[in-house]
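For reference, the structure discussed in these notes is given below.
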Protein chains: 2
Amino acid sequence: MSVSQRAQSSSKYDTPDAKARVAKAIEQLRPVFAERLSVGVSVREQHGRGEAFAQSYLPDAVIWPLSTAEVSQVVKVCNEWRVPVIAFGAGTSLEGHVSAPYGGICLDLARINRVLEVRADDGDCVVQPGITREELNAQLRDTGFYFPIDPGANASIGGMIATRASGTNTIRYGTIAQNVMALEVVLANGEIVRCGNRARKSSAGYDLVRLFTGSEGTLGIVTEATLRLHGRPEAVGSSICSFPDLRGAVDTVMELIQTGAPVSRLELLDELQVRACNAYSKLSLPEQPTLFMEFMGTEAAVTEQFERAVDIVKSHGAAGLEWAFDEQRRAALWKARHAAYFAARALRPAADCIVADVCVPISHLADCVAKARAQIDAEGLVAPILGHVGDGNFHVLFLIDPNSDDERARMDRVYDSMIETAHRLGGTCTGEHGIGMGKRDKLIAEFGSSVVDLMRRVKEAWDPNGILNPGKVFDL
Amino acid sequence: MSVSQRAQSSSKYDTPDAKARVAKAIEQLRPVFAERLSVGVSVREQHGRGEAFAQSYLPDAVIWPLSTAEVSQVVKVCNEWRVPVIAFGAGTSLEGHVSAPYGGICLDLARINRVLEVRADDGDCVVQPGITREELNAQLRDTGFYFPIDPGANASIGGMIATRASGTNTIRYGTIAQNVMALEVVLANGEIVRCGNRARKSSAGYDLVRLFTGSEGTLGIVTEATLRLHGRPEAVGSSICSFPDLRGAVDTVMELIQTGAPVSRLELLDELQVRACNAYSKLSLPEQPTLFMEFMGTEAAVTEQFERAVDIVKSHGAAGLEWAFDEQRRAALWKARHAAYFAARALRPAADCIVADVCVPISHLADCVAKARAQIDAEGLVAPILGHVGDGNFHVLFLIDPNSDDERARMDRVYDSMIETAHRLGGTCTGEHGIGMGKRDKLIAEFGSSVVDLMRRVKEAWDPNGILNPGKVFDL
């Protein structure tokens, strides 16, 4: 898309009548939703940004629908008036997905949050999009099943689908994309459709479930999802160990993955992150790069897996190798990992926290992490590193003075370089956080404009008025 | 799309000048490809149908390109002249995917068949589309890796991607969709693009790799694929056992899956299929419903898994439980399974073999298989059943007198009923064979016309002239 074309389509929202159209849409919806429609500034501010994204863009109104039919009704009215619609889950996204740069109506799905069905015979369930993963797992507690996709934050299932979330369990269970079987979606014209099915596989036509998954609310609004559940493992063994240097830790990861060790979680905290965790969670871990491992299966299998891992771990100089089967003891071992984000923030409480996210082929992980660490230090920034390293995915938590353009520029240098390096080595600019507003230029850098144009043509074919979460994934 | 619209777009290929345009395209391409372009009838007949699909539609010419650039060149010329292009791999597809109902040019990719790279450090490889899975695994033999997706036939990797193939290893490794990391694709205008990357996961924009996978050559022609490889398991244990009735066998499958047994293959042959295998492969298996199981892991883990499975298997009345670790012995045990398709054909050598393919939630598998068997018998047809039952996927091999409309009508009654039942129970009209020409109406039955229209709009946005494999997935 040329610059002039872009200016033209952007003008859809900048015309003098744009605000008048939003007002018309709100006027039409207000009698339907009454106190479930708010134009109050504080409510709009709560919905104008996700977690950890600096800019805030307020919607013109927030609506809390209670059903798919109500979502459809709002979308129909918005389509009629050419007004943006932004779906909002738990607000934990990190790339500005829920911001409203062109105003419009925010659909807060928090009250559409029931588990509609759990089918133990097939190990699947049907949920509404507003339920959070913790609430879902709480409701599954007595079934023997759980939904293992765990992006860290207590995100909503709808939001996780929108960003193609993953997290700590990916080595074993895949991302959410491999665990969504079917979707009910409200399209841009308000039509309600269902795609996918409950079979374990299908070759029936284009895979629209995977196309909606990760489309960040730009192709449709998910109003129901059929999820694959997993049986709770008989036994879980957790382990923690520390390494004299970062390379030893990451080389261990590479060797574990390359030898096909059936590890289910493999998490890294660097030295600075461990220091932050010790301070925040009152622990006394050795302030060294630390690896958290988890194995699942029968007790015999887990023990066998662990014993094999020990040989690899020790050969890279690990010390303080601890190990537990017991749930309470495991939680204690992993305490540092679970609170890592808040511990990092506490290193510099007044700072903005920008969470960088890249994912690279496992063979390049050690080099990429080491290079990022060196650049962070050279720029004099405060930025711990942690990661779901078993996938080649790592995060830098940049703690940046919000009033310092200079610090932000130094961060940008490091982050741009991390992404360039990832691209050069066959990796991606985002393992799990998505594009949102923050990485639209990086998406083009990753695939080239022809591929991004293919995505855009799908968007235009399905949402000709461009009302669904405009300005995300690509520029208007 | 209304009937009149359909008639209109179909007329693109029926206009008096359609043949003239094909002739122009061939004339333009002949000097480039010389003896690698053929208009001979016997060559065109070899390319006019896949396996097991009754109708044959001949392309106007067959071209054997040697490179991505040559594929692009052909597609460009075809796009210019509005001539259909049909990609052809090994010709093993079962739903008429490679037929040319509107004529045009068949691109036989068999000579673009090299392994371009094997990256042992990351467990991935880059291959060209014409390589077959057996050839790929032969070339991987010394690397410690293999590509486990096994649809039975020695299909080409490009064809497997096009139909979203799976087969016997799906329980453990997923379908091919979960094992394709990146694609190079020639688009309808001849442009060459790359999507996906070598990271283990990514949230970068719409998932075009999964959209191309299963699109049956209607959105682009895959010219290169990056595949995830898997380490050869340390130990494999294979087992076979027979059951007094079909329900006992399928109930065993359901219980194994529902208890989360880490089985890697789980295959069923019914009584008639076993009889066919005994005759064809000179075996003496009990002529009863028979289950083939396989476990992978360390020897200790496999033994533990097998011992647990035995309890379940025996509780359903299994007899003749045999078990082997040794490769030669395993091959002997599974011999009946491997030759099942040809054994079935040999039951009635002059018959057409139509391979029905449905996939249902595992909890409904026993009912669906039993119902199919009863209907086959009630209609007096010869049709063994076999299946990748661990996924809920089963096949009926209908052996039909090609000259008997009556037999075909009886088959249609059974097959239509199988699909209706699958749909009613949350399953799919195709677990792994795809839509092709054979199931276009079933795709609409599965999702409704709105969802099929979403697919069609992608097709129209990416291939406005409709040259890529027209008449597949949906009617024109």
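The values are calculated or read from the model by the stated rules, or taken from the named source; none is laboratory data. A quick note: this is a predicted structure, and the numbers were derived from the prediction, not measured. All Cβ positions, even for glycine, are placed from backbone atoms using ideal geometry, and neighbour counts span all protein chains on display. Please note that ligands, DNA and RNA were not included when accessible areas were found on the heavy atoms of the full protein model with its side chains. Shrake-Rupley method; radii C 1.70, N 1.55, O 1.52, S 1.80 Å.
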Residues located in region B:48-61, provided they are closer than 25 Å to B:Pro16 by Cβ, open to solvent by less than 30 Å² (accessible area, probe 1.4 Å) and under 23 Å from the mean Cα position of the chain (by Cα) = B:Gly48, B:Pro59
In region A:297-320, what residues are within 16 Å of A:Gly260 (Cα to Cα) and touching a helix residue (DSSP H, G or I) at 6+ places or on another chain (Cβ under 8 Å)?
-> A:Gly297, A:Ala301, A:Glu304, A:Ala309, A:Ile312, A:Val313
In region A:254-275, anything in contact with a strand residue (DSSP E or B) (Cβ under 9 Å, 6 or more places away or on another chain), open to solvent by 10 Å² or more (accessible area, probe 1.4 Å) and not hydrophobic (A, V, I, L, M, F, W, C) is listed as A:Gln258, A:Thr259, A:Gly260, A:Pro262, A:Arg265, A:Glu271
Quick one: which helices (runs of 4 or more DSSP H) lie wholly within region A:91-183 and hold at least 1 residues that are under 27 Å from A:Glu70 (Cα atoms)?
-> A:133-140, A:157-163
Can we say A:Ala332 is open to solvent by 60 Å² or more (accessible area, probe 1.4 Å) and free of Cβ contacts under 8 Å to residues at least 60 places away in the same chain?
-> no
Out of B:Thr226, B:Thr170, which single residue is in contact with a strand residue (DSSP E or B) (Cβ under 9 Å, 6 or more places away or on another chain), within 24 Å of B:Asn113 (Cβ to Cβ) and of a type in the set (Ser, Thr, Tyr)?
-> B:Thr226
Give the residue that is farthest from the other protein chains (Cβ to nearest Cβ), with candidates limited to residues of region A:416-437 that are within 23 Å of A:Ala165 (Cα to Cα) and surrounded by fewer than 24 Cβ atoms within 10 Å (Cβ to Cβ).
-> A:Asp416
What are the pairs, 6+ residues apart or on separate chains, where a residue within region A:210-232 that is within 8 Å of chain B (Cβ to nearest Cβ) has its Cβ under 7 Å from a residue that is part of a loop (DSSP other than H, G, I, E, B) and of a type in the set (S, T, N, Q)?
-> A:Gly214/B:Ser203
For A:Asp405, which of the numbered conditions (1) within 12 Å of another protein chain (Cβ to nearest Cβ); (2) open to solvent by 20 Å² or more (accessible area, probe 1.4 Å); (3) without any contact (Cβ under 8 Å) to a residue 12 or more places away in the chain fails to hold?
-> (1)
Complete set of residues in region A:95-122 that are open to solvent by 20 Å² or more (accessible area, probe 1.4 Å) and within 14 Å of chain B (Cβ to nearest Cβ) = A:Leu116, A:Glu117, A:Val118, A:Arg119, A:Ala120, A:Asp121
In the set B:Leu386, B:Leu397, B:Leu365, which member is within 14 Å of chain A (Cβ to nearest Cβ) and touching a residue at least 60 places away in the same chain (Cβ under 8 Å)?
-> B:Leu365
Hey, A:Met411 hits all of (1) more than 7 Å from chain B (Cβ to nearest Cβ); (2) over 22 Å from the mean Cα position of the chain (by Cα) but one; which does it fall short on?
-> (2)
Residue tally, condition within 23 Å of B:Lys201 (Cβ to Cβ) and within 7 Å of chain B (Cβ to nearest Cβ), over region A:453-471 | 3
What are the residue pairs meeting all of these: first residue in region A:163-180, first residue farther than 27 Å from A:Met437 by Cβ and facing chain B (nearest Cβ under 10 Å), second residue open to solvent by 20 Å² or more (accessible area, probe 1.4 Å) and part of a strand (DSSP E or B), Cβ atoms under 7 Å, and 6 or more apart or on different chains?
-> A:Ile171/A:Arg265
Looking only at residues in region A:188-198 that are open to solvent by 10 Å² or more (accessible area, probe 1.4 Å) and part of a loop (DSSP other than H, G, I, E, B), which one is farthest from the other protein chains (Cβ to nearest Cβ)?
-> A:Asn189
Is one or more of the residues making up region A:199-208 closer than 30 Å to A:Thr303 by Cβ and either of a type outside the set (Asp, Glu) or at the interface with chain B (Cβ under 7 Å from one of its Cβ atoms) (or both)?
-> no
When region B:70-88 is checked residue by residue, the ones that are under 14 Å from B:Pro129 (Cβ atoms) and either under 12 Å from the mean Cα position of the chain (by Cα) or among the charged types (D, E, K, R) (or both) are B:Glu70
For region B:302-321, which residues satisfy the criterion of being surrounded by 13 or more Cβ atoms within 10 Å (Cβ to Cβ), touching a residue at least 12 places away in the same chain (Cβ under 8 Å) and not basic (Lys, Arg)?
-> B:Val302, B:Thr303, B:Gln305, B:Phe306, B:Ala309, B:Ile312, B:Val313, B:His316, B:Gly317, B:Ala318, B:Leu321
Odd one out for B:Ile86, checked against (1) among the β-branched types (Val, Ile, Thr); (2) out of contact with any Pro (no Cβ under 8 Å at 6 or more places or on another chain); (3) outside any helix (DSSP H, G or I) | (2)
Here are some conditions: (1) surrounded by fewer than 22 Cβ atoms within 10 Å (Cβ to Cβ); (2) touching a strand residue (DSSP E or B) at 6+ places or on another chain (Cβ under 7 Å); (3) within 24 Å of B:Gln55 (Cα to Cα). B:Thr92 meets all but one. Which one does it not meet?
-> (2)
Residues that are under 19 Å from the mean Cα position of the chain (by Cα), farther than 21 Å from B:Val185 by Cα and either buried (at least 18 other Cβ atoms within 10 Å of the Cβ) or among the polar types (S, T, N, Q) (or both), drawn from region B:441-470 = B:Lys442, B:Leu443, B:Glu446
In region A:347-363, what residues are open to solvent by less than 50 Å² (accessible area, probe 1.4 Å) and not in a strand (DSSP E or B)?
-> A:Ala351, A:Val360, A:Pro361, A:Ile362, A:Ser363
Among the residues of region A:1-54, which ones are of a type in the set (Ser, Thr, Tyr) and either at pLDDT below 85 or touching a Lys or Arg at 6+ places or on another chain (Cβ under 7 Å) (or both)?
-> A:Ser2, A:Ser4, A:Ser9, A:Ser10, A:Ser11, A:Tyr13, A:Thr15
